[in-house]
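The values are calculated or read from the model by the stated rules, or taken from the named source; none is laboratory data. Here the structure is a predicted model, which is why all the values come from computation and not from measurement. No Cβ is skipped: glycine too gets one built from the backbone with ideal geometry, and neighbour counts run over all protein chains shown. Accessible surface areas use protein heavy atoms only, side chains included; no ligands, DNA or RNA. Shrake-Rupley method; radii C 1.70, N 1.55, O 1.52, S 1.80 Å.
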Amino acid sequence: MTEPLSPSEIDRIKQAVEANFETQVSFLQDLVRTASLRGEEAEVQTMVARALVDRRYDVERFGVDPQAVDEHPAYSPATIDYADTFNVSGMKMPKAQKGKSLILNAHTDVVPTADPSAWTYPPFSATRDGDWLYGRGAGDMKAGLVANIFAVDAIEAAGFRLTAPLQIQSVVDEETTGNGAAAAIHRGYTADAVLIPEPTDEQLVFANSGVIKFKITTRGVPAHPRDPDSGLSAIDAAIQLIAHLKGLEKKWNEERHKHPGFEKLRNPASLNVGTISGGEWPSSVPFACVFEGRIGFFPGEDPWERAKEVEDSIGALLAEDARLARSAPVVEWVGTMQAGYRLADTSPAEEALRTAHGLVHNDALGRYIMACYLDATLFANHAGIPALTYGPIAENIHGIDERVNLSSLKRVTETIALFTAGWCGIEPA
């Protein structure tokens, strides 16, 4: 059992974060300037690996094996071959273990920027404006990755070393499948707790929604618009199916009162159609249409059973509408296929984070539900590890002008450093 941190230890660690913070921001800018869209993470992962090697971590690179995706429930259906990307793991082992082991996890993949001209600053410029750093991935979640690294730096710069195993994980493909973190779990990496500093406004996420992602293809009958009834529009069929799925979203949201905390959310089972493509010619009834999206549900529910509900619901609609049935919709499950999770009301890991948060904020740690996919769900549901999602204030993630608040990032780095020191234990280096 580790001893509580002394006032002197706390002050020295905080001062070390402060002393190195400009270097931390500079490293964050370097990472944001390195665009790391899905499947293109190799360059930024190489930067992370180099940073960990320089800090004397035992560094390993490992990929996501597409052949293994069906072997472990932490995986979701893959849509790329992962040939050009890899995860990075950095391990530090104590001379003698006294405390509890810890994984600090973050993802490096980012979502597309939409039109760069709509941004105040170019999306990969990592522009600093006052107390904010702008850029795609600045908040979601390269700031958290950098906080993990520099939190441990601060412990060492303060003159201490950890007395339990620590692993920093930099993973890929969180935004589409979570298969980067799944590969780490499949590889057998485990610890007494994991902390993932997604942008959470300096609060702890205690539950999240399950998420399933789909691709639906419709087929029409091409025809000239002078006689549209002789054809069948694949786009009209897709629009009708989307409206039907919105009805399913409403039905699932009506179940939220069965799940404590979720009844306070307006749309925990959120349906989002994120892409749509269809048609061949403005003056032809369209033959093909494809749309992709996601829909949420509640912790404790099987994602494949929810997927079957979607399929059965579409099947019932087609049985009632012969014309729509002619479009022969094909439903495919691609990307995230994972249940939600819920933390226990309290745990030693959460208490350690609560203590660290209080030392930085002099205030209680807030808890809330995030109605989206988080890699934390994989560790909680498939590795049995207490998974703490806690990170800085960020705005417009996945949107235009994504930005992270730098004062918040400093506080979060201090909190992670004090949490890591308290959880793992420290001794003079």
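Some observations on this one:
- Note on region 220-234: residues that are surrounded by 12 or more Cβ atoms within 10 Å (Cβ to Cβ), among the polar types (S, T, N, Q) and part of a helix (DSSP H, G or I) amount to 0.
- Entry remark, region 403-420: residues being open to solvent by 10 Å² or more (accessible area, probe 1.4 Å) and more than 14 Å from Gly358 (Cα to Cα) number 4 in total.
- Entry remark, region 321-373: residues being open to solvent by 50 Å² or more (accessible area, probe 1.4 Å), of a type outside the set (Ser, Thr, Tyr) and assigned to a strand (DSSP E or B) number 4 in total.
- Residue in region 235-254 that is within 27 Å of the chain's Cα centre (by Cα), surrounded by 15 or more Cβ atoms within 10 Å (Cβ to Cβ), modelled with pLDDT of 95 or more and polar (S, T, N, Q) present: yes
For every residue, the table says whether it meets (1) assigned to a loop (DSSP other than H, G, I, E, B); (2) in contact with a Ser or Thr (Cβ under 9 Å, 6 or more places away or on another chain); (3) among the small types (Gly, Ala, Ser).
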position: Pro112; (1), (2), (3): yes, no, no
position: Tyr121; (1), (2), (3): yes, yes, no
position: Leu133; (1), (2), (3): no, yes, no
position: Arg136; (1), (2), (3): yes, yes, no
position: Lys142; (1), (2), (3): no, yes, no
position: Ala147; (1), (2), (3): no, yes, yes
position: Thr177; (1), (2), (3): yes, yes, no
position: Ala182; (1), (2), (3): no, yes, yes
position: Thr190; (1), (2), (3): yes, yes, no
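- In region 108-130 there is no residue matching the filter, namely being modelled with pLDDT of 95 or more, closer than 30 Å to Gly422 by Cα and over 19 Å from the mean Cα position of the chain (by Cα).
- Identity of the residue in region 53-62, touching a strand residue (DSSP E or B) at 6+ places or on another chain (Cβ under 7 Å) and not acidic (Asp, Glu), that ends up most open to solvent (accessible area, probe 1.4 Å): Arg61
- Residues within region 36-52 that are assigned to a helix (DSSP H, G or I) and either surrounded by fewer than 20 Cβ atoms within 10 Å (Cβ to Cβ) or touching a Lys or Arg at 6+ places or on another chain (Cβ under 9 Å) (or both), tallied: 8
- Count of region 1-35 residues, restricted to those that are of a type in the set (D, E, K, R), over 27 Å from Pro122 (Cα atoms), open to solvent by 60 Å² or more (accessible area, probe 1.4 Å) and assigned to a helix (DSSP H, G or I), is 3.
- Residues located in region 192-207, provided they are more than 16 Å from Phe419 (Cβ to Cβ) and part of a loop (DSSP other than H, G, I, E, B): Pro199, Asp201
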